[in-house]
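Each value in this text was obtained by applying a stated rule to the coordinates, not by laboratory testing. Because the structure is a prediction, the values reported are computed rather than measured. Glycine gets a Cβ as well: all are built from the backbone with ideal geometry, and neighbour counts include every protein chain shown.
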Amino acid sequence: MKIYVIADTHFGHANMVKYHNRPTHFDRVLVDNWNAAIGKDDVVFHLGDIALGREIDIARLMKKLNGRKILCLGNHDKQKPEWYMEQGFAFACTYYIYKGVCFSHKPVTPLPPGCTLNVHGHFHSDTHRDHEFAEDDYYHRHRHCYRLVQIEDTLAPAALDDLLGRSVATN
């Protein structure tokens, strides 16, 4: 079992092509890249903003994607956590702590007790969200404690060990 992270997939959100230069059929590319990387027994932390658009069937989508999926709700994930679990996520929450690492959509400030790192999404690969944390003194003083997950370059999940530059034991 390996642990992966992904954020801001925005399945079904046509503006991702316009604003983030994703290919026209990025949904299909995301599914293909996900399943090429993720095995049946792997764990994927999805750091929010799964989809945007009424035409996306989340339950059907989750069945297409390999691995055990844990969702940290994003600003576009409007349903209650239980709803996402009914759609195929093993667990859904605001943030999740594993071995001293806090997984979330937006940066969590201050870090929860016992956490030394926050792995988050929300910012994509540009500065369109910088204003949200412009005056957050804690965030700026502790920038070394935050790791952004963005998929705009790869449209694929990232191995947690690669993102952290160290091994995170899975047992």
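Just a few scattered comments:
- Nearest-20 debye value, segment 1-93 charge dipole, Cβ charges on Lys, Arg, Asp, Glu: 120 debye
- At q = 0.10, 0.14, 0.15 Å⁻¹, base-10 log of I(q)/I(0) for the chain (Debye sum, equal scatterers on each alpha carbon): -0.35, -0.71, -0.82
- A simple spin-label model places pseudo-atoms 7 Å from Cα toward Cβ; at Asp41 and Tyr138 they are separated by 3.9 nm.
- Taken along the Cα-to-beta-carbon direction at a fixed 7 Å, the label points for Arg68 and Asn15 span 3.6 nm.
- Sorted from greatest to least, the principal axis extents spanned by the alpha carbons of segment 1-54 come out as 36, 20, 19 Å.
- Legend: distances between Cα atoms for Lys64/Lys99; Lys69/Lys99; Lys2/Lys63; Lys40/Lys99; Lys78/Lys99; Lys80/Lys106; pairs beyond 25 Å are Lys64/Lys99; Lys78/Lys99.
- Base-10 log of normalised Debye intensity for segment 57-139 (one unit scatterer per alpha-carbon) at q = 0.11, 0.17, 0.19 Å⁻¹: -0.36, -0.79, -0.94
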